[in-house]
1. Tally the residues that are surrounded by 19 or more Cβ atoms within 10 Å (Cβ to Cβ) and in a loop (DSSP other than H, G, I, E, B), restricting the search to segment 283-301.
2. Would you mind finding the one in ALA100, ALA134, ALA125 that is under 18 Å from HIS49 (Cβ atoms) and either touching a residue at least 24 places away in the same chain (Cβ under 8 Å) or outside the structural domain of ALA34 (by TED's automatic domain parsing) (or both)?
3. Suppose the filter is of a type outside the set (Gly, Ala, Ser), at pLDDT 90 or above and in a helix (DSSP H, G or I); does LEU52 pass it?
4. Checking ALA151 against (1) surrounded by fewer than 21 Cβ atoms within 10 Å (Cβ to Cβ); (2) more than 28 Å from PRO10 (Cα to Cα); (3) at pLDDT below 95, which single condition isn't satisfied?
5. Out of curiosity, is VAL280 of a type in the set (Val, Ile, Thr), surrounded by fewer than 18 Cβ atoms within 10 Å (Cβ to Cβ), assigned by TED's automatic domain parsing to the domain that holds PRO375 and modelled with pLDDT of 75 or more?
6. Among the residues of segment 306-320, is there at least one that is in a loop (DSSP other than H, G, I, E, B), within 21 Å of PRO374 (Cα to Cα) and modelled with pLDDT under 65?
7. Just to check your reading of the model, which residue among LEU110, LEU119, LEU162 is at pLDDT 80 or above and buried (at least 17 other Cβ atoms within 10 Å of the Cβ)?
8. Do you know which of the residues in segment 1-41 that are assigned to a helix (DSSP H, G or I) and among the β-branched types (Val, Ile, Thr) is modelled with the lowest pLDDT?
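The values are calculated or read from the model by the stated rules, or taken from the named source; none is laboratory data. Here the structure is a predicted model, which means the values were calculated and not measured. Note that each Cβ is placed from the backbone with ideal geometry, even for glycine, and that neighbours are counted across all protein chains shown.
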Amino acid sequence: MLSDSLRVTPQQIDPLSWIARPMVSLAFAVLAFAYGISATLLGWARSGHPWLDLLAVVLVTGACLFVQFSTGPLKPPFGPARAWIALLITAAGLFSSTIAAAVSPVPVQLWWAPVGVGLVIAACAPHSTVIELAVYGAILSVLTGFATWYAFVGRDDPWTGLATIVIAVSSVIVATIASCVFCFEIARKTQRLLARAGVPVEADEAARTQAARAAELSTLARLGSRVAPFLAKVADAGEVTAADRALAGQLARRLRSDLVSQANSSWLDSLAVSGRLYIVDPDHRADRLNAAQRAAVRGLVLAVMRDPVTDTGSLFIELRGQEDGSTAVALSLDIDLPEGRRVMMLAPYYLALKTAVPEISWDPVQDLLRFRVPPGDRW
């Protein structure tokens, strides 16, 4: 469990909550820009190269914005390959600010760049593992230490060279430690909640088998209840009249209609018998979902339908074909639950679908789940 918590990102372990709050990195970008531009303007008159500090603000803010626009529910994971781009942009901003600080009388404790570097690490936190954050923080701490040594060590300051470096690097170290602790606690606690909320595969498979068997028995009983009395009457009479022939024809047409309807109905239609689920599937595209996708959708629908807080008739699922042959699926849920409980109810099925479909998104405002099934992705 400890090892898993170190190797999973908060966005991966708790995707619904992070989708509901997609502006985390943007918030750090705004904070970095506000802090950097304020410090630059306050020291503009004393700085020898104020434009370099201004460039540094743009670069550090740009690193946070890069993280913001490189992450999302429909985008590839924000791994080390993309994180290095943000780190290089941050390093360029740190280098630019270092050149400006070297010819500026601004003391090290008022140097804004290390704080900006720490904000970039915090912006990466929701999309990085604890191990990745520790590596990013270590690299940026070393770079900040060298930059501080170049720009500030040797001045007529009351601190020693080591103390000067510690003052500057402490902002990066604190940001790294805080981000690592944050990621670890999110992963550890969410894994515990998901472990309690999850349903064993064997139990889920047994429930599906039992439900299918019950539907089959119900169909047979319904058909038999129509035919058996007629056959018993003919057997007791010992002869077949014209009226019996006419009634037999009517029963045959009804049975044929029921059997055709049963054959044409999808696995999704069997979930709508309670009247709490409305399905729009004119092309019978529900049958194009593979086993994993069906299991996740079935589990989500049944979990919502069985919850007493779900409004009657509030579940709506629509499947539409796209021009490229794929199937777009939209599932609307009206669940009267606090955000935390709603997220924990949906998260296991959302994670299962996320591994089975290439594109999936959750709109927390409309309680709308969307995903796309590629063409040819069949059972």
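1. Result for segment 283-301: 1.
2. Working: ALA134 fails: under 18 Å from HIS49 (Cβ atoms); ALA125 fails: under 18 Å from HIS49 (Cβ atoms).
The match here is ALA100.
3. Values: of a type outside the set (Gly, Ala, Ser): yes; at pLDDT 90 or above: yes; in a helix (DSSP H, G or I): yes.
The answer is yes for LEU52.
4. (1)
5. Details: of a type in the set (Val, Ile, Thr): yes; surrounded by fewer than 18 Cβ atoms within 10 Å (Cβ to Cβ): yes; assigned by TED's automatic domain parsing to the domain that holds PRO375: yes; modelled with pLDDT of 75 or more: yes.
In short, yes.
6. First, the residues of segment 306-320 that are in a loop (DSSP other than H, G, I, E, B): 307-309, 311-314.
Next, from what is left, pick out any that are within 21 Å of PRO374 (Cα to Cα): none.
No, that holds for no residue.
7. On the way: LEU110 fails: buried (at least 17 other Cβ atoms within 10 Å of the Cβ); LEU162 fails: buried (at least 17 other Cβ atoms within 10 Å of the Cβ).
Matching residue, one of LEU110, LEU119, LEU162: LEU119.
8. Of segment 1-41, the ones assigned to a helix (DSSP H, G or I) are 2-6, 10-13, 15-20, 24-41.
Remaining after also requiring among the β-branched types (Val, Ile, Thr): 13, 19, 24, 30, 37, 40.
Numbers: ILE13: 70, ILE19: 53, VAL24: 82, VAL30: 94, ILE37: 93, THR40: 89.
My answer is ILE19.
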